[in-house]
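Undergrad: Questions regarding the structure given below will be posed in turn.
The values are calculated or read from the model by the stated rules, or taken from the named source; none is laboratory data. What you are looking at is a predicted structure, and each value in this text was computed from that prediction instead of being measured. Using ideal geometry, Cβ is built from the backbone for each residue, glycine included, and neighbour counts are taken over all protein chains shown.
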Amino acid sequence: MTIRNIVAIDLGASSGRVMLGRYQSEDGGLTLREVSRFANQRLMVEGYDCWDVDALEAEIRAGLALLDSEGIVPDSIGIDTWGVDLVMIDDEGNRVGLPVSYRDKRTHGLMAKAERELGRQAIYQRTGIQFLPFNTLYQLRAFSDAHPEQAERVAHALLIPDYLSWRLTGQLNWEYTNATTTQLLNIDSGEWDEKLLQWAGARRDWFGSASQPGKRVGEWQNAQGIQVPVIAVASHDTASAILATPLSGDDSAYLSSGTWSLMGFESRQPCTGSSAMQANITNEGGAEGRYRVLKNIMGLWLLQRVCDELRIADLCQLIEEAAQLPACKSIINPNDERFINPASMVREIQDACAGQSMAIPQTACELARCIFDSLALLYRQVMGELTQLRGKSFSQLHIVGGGSQNHFLNQLCANACNLPVSAGPVEASTLGNIGCQLIALGELADVGQFRQRVVQNFPQHSVKPYHESAFTACWPRFQALSQPTKELCL
Ligand code: ADP
Ligand code: LRH
């Protein structure tokens with residue numbers, strides 16, 4: 001029996017984990033074991049909202065050391081994380097500036113400035129990437145405007161997974177799927193776009209050419225001096241999640257549900273026409289030349305913040321209580337930019353409801369119900385945009401990620417979109433990370449074969465839609481509400 005031990009380091013915006021995948025070549029059996037799990041917390045440094053990349057690195061090394069202490073030598077290691085954020089280093093390998101988070105306000109106004117100076121259509125045609133105010137394009141401009149003396153010292157700009165794999169191996173790499181999230185990669189050439197880099201105040205030599213997922217970047221050395229290959233997987237967590245989503249054909253859509261909800265479909269061709277731009281649909285890079293045609297929805301971030309503020313420890317009970325409440329008493333547009341990082345999410349939701357003369361949610365479960373109904377309505381809206389773009393309806397929606405454990409929200413989503421839902425796998429990003437390594441090691445032929453292994457080893461939960469009259473009744477109101485609000489993506 002040949003067993004492969006594959007380590008996936010999977011960092012989401014809310015938590016990170018070191019996971020061990022054990023794959024049996026003969027029967028295709030795949031199991032997952034959580035080696036360690038840790039919170040990913042942002043902290044204020046010098047007035048900036050930052051990631052604690054040193055703490056994350058320490059957690060990664062601790063997880064690898066745990067495996068070491070068990071005598072497990074991995075066949076390979078892969079790292080995936082959230083997109084768009086980066087770390088700068090000088091030519092001696094010291095960090096330059098701070099690892100600022102995409103939630104920081106430093107990019108305020110810069111997306112509008114770029115549109116004025118370069119043209120919205122020109123930026124979209126060059127990149128095919130949605131307009132999000134925190135894209136790396138705007139983050140780099142914020143950095144170079146505020147700290148020109150630091151920009152002078154930069155030798156390399158590394159996205160978070162590339163930074164962490166450099167810390168483990170000493171080798172530089174710029175992985176393609178995550179590079180596309182920057183809005184700096186030219187969609188036609190696959191190279192960094194000189195004009196956009198120039199606008200951002202970034203030098204071309206800060207970046208190397210983007211590498212396709214599956215490249216062996218270097219080696220990490222364990223305590224016994226054994227060299228373990230580090231593979232640059234589809235290092236954008238959403239790319240990894242989609243890689244592990246068992247899409248059952250061209251008519252399947254996906255919803256990667258975590259801090260963010262990423263709803264879309266897979267395509268061999270990008271969708272960069274005017275209706276795609278109008279709807280702010282993105283074309284992020286996927287494995288094997290596929291595009292992830294999708295839209296960002298602000299997702300369970302709203303709930304995470306409410307739970308933190310109200311110190312809710314039992315999420316399952318909160319969901320259960322929210323499910324008992326009447327539907328659609330208060331609704332908001334979750335993509336309103338006011339929810340990106342408000343001082344208080346509870347107050348922001350209450351103010352948004354008051355501003356629309358709606359019932360003001362007071363308790364944690366009323367707030368949760370408002371978030372769930374509003375997300376479901378936004379899912380319906382985005383599903384409509386995707387359907388229109390494709391010119392063909394979908395027959396199924398796959399919900400993956402931590403949020404797929406929320407059976408109540410899965411049901412609301414099925415009802416709102418009027419589509420059968422298949423929920424799971426929960427650890428989709430981790431699995432996609434492992435899948436890419438198995439392909440790189442020659443254990444599996446391609447993504448299609450890996451998805452068969454996902455179906456074989458990780459059961460999914462089916463949800464049938466039923467008619468929800470409250471959604472039908474408040475749909476016009478939601479549409480009216482989401483028109484004039486300042487959308488994160490518009
Ligand atoms: P990220 O990768 O962005 O950090 P995850 O995919 O880990 O996010 O998903 C985190 C979300 O999953 C949480 O915000 C929470 O709403 C949801 N979640 C986690 N565990 C459960 C659970 N047992 N039941 C329902 N929802 C859950
Ligand atoms: C989800 C995610 C998403 C990005 C956002 C920054 O974790 O990677 O795909 O848009 O974080």
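Undergrad: Which pairs do you get when a residue that is in contact (Cβ under 8 Å) with a residue 12 or more places away in the chain, found in the stretch 268-282, comes within reach of a residue that is aromatic (Phe, Trp, Tyr), reach meaning Cβ atoms under 6 angstrom, with the pair 6+ apart or on two chains?
TA: Listed pairs, sorted by first residue: PRO270/TYR291; MET277/TYR124; ASN280/PHE131.
A quick yes/no check of all residues on (1) touching a helix residue (DSSP H, G or I) at 6+ places or on another chain (Cβ under 8 Å); (2) surrounded by fewer than 16 Cβ atoms within 10 Å (Cβ to Cβ):
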| position | (1), (2) |
| --- | --- |
| ARG116 | no, yes |
| GLN121 | yes, yes |
| THR127 | yes, no |
| PHE131 | yes, no |
| TYR138 | yes, no |
| ARG141 | yes, no |
| PRO148 | no, yes |
| HIS156 | yes, no |
| ILE160 | yes, no |
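Undergrad: I need every pair where a residue in the stretch 73-85 that is touching a residue at least 24 places away in the same chain (Cβ under 8 Å) has its Cβ under 7 Å from the Cβ of a residue that is more than 16 Å from ligand 1 (Cβ to nearest atom) and charged (D, E, K, R), sequence separation at least 6 or different chains.
TA: From the stretch 73-85, the pairs are ASP75/ARG4.
Undergrad: Is it true that TYR102 is under 19 Å from TRP51 (Cα atoms), in contact (Cβ under 8 Å) with a residue 24 or more places away in the chain, part of a helix (DSSP H, G or I) and of a type in the set (Phe, Trp, Tyr)? Before the answer, list the steps.
TA: Numbers: under 19 Å from TRP51 (Cα atoms): yes; in contact (Cβ under 8 Å) with a residue 24 or more places away in the chain: yes; part of a helix (DSSP H, G or I): no; of a type in the set (Phe, Trp, Tyr): yes.
Considered against the rule, which asks whether it is under 19 Å from TRP51 (Cα atoms), in contact (Cβ under 8 Å) with a residue 24 or more places away in the chain, part of a helix (DSSP H, G or I) and of a type in the set (Phe, Trp, Tyr), TYR102 comes out as no.
Undergrad: Sticking with this structure for a sec: Show the residue pairs meeting these rules: Cβ distance below 6 Å; 6+ apart or different chains; first residue within the stretch 405-416 and in contact (Cβ under 8 Å) with a residue 40 or more places away in the chain; second residue in a helix (DSSP H, G or I) and aromatic (Phe, Trp, Tyr).
TA: LEU409/PHE372; LEU412/PHE372; CYS413/TYR379; ALA416/TYR379; ALA416/PHE471
Undergrad: Being free of Cβ contacts under 8 Å to residues at least 60 places away in the same chain and among the hydroxyl-bearing types (Ser, Thr, Tyr): is that true of TYR23 here?
TA: No: the conditions fail for TYR23.
Undergrad: Suppose the filter is more than 16 Å from ligand 2 (Cβ to nearest atom), on the phi < 0 side of the Ramachandran plot and outside any helix (DSSP H, G or I); does ARG4 pass it? Show your work before the answer.
TA: Numbers: more than 16 Å from ligand 2 (Cβ to nearest atom): yes; on the phi < 0 side of the Ramachandran plot: yes; outside any helix (DSSP H, G or I): yes.
Considered against the rule, which asks whether it is more than 16 Å from ligand 2 (Cβ to nearest atom), on the phi < 0 side of the Ramachandran plot and outside any helix (DSSP H, G or I), ARG4 comes out as yes.
Quick grid of which residues meet (1) within 16 Å of ligand 1 (Cβ to nearest atom); (2) buried (at least 24 other Cβ atoms within 10 Å of the Cβ); (3) among the hydroxyl-bearing types (Ser, Thr, Tyr); (4) in the same structural domain as GLN121 (by the TED database):
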| residue | (1), (2), (3), (4) |
| --- | --- |
| GLN227 | no, no, no, yes |
| SER248 | no, no, yes, no |
| SER252 | no, no, yes, no |
| GLN269 | no, no, no, no |
| THR272 | no, no, yes, no |
| ALA276 | no, no, no, no |
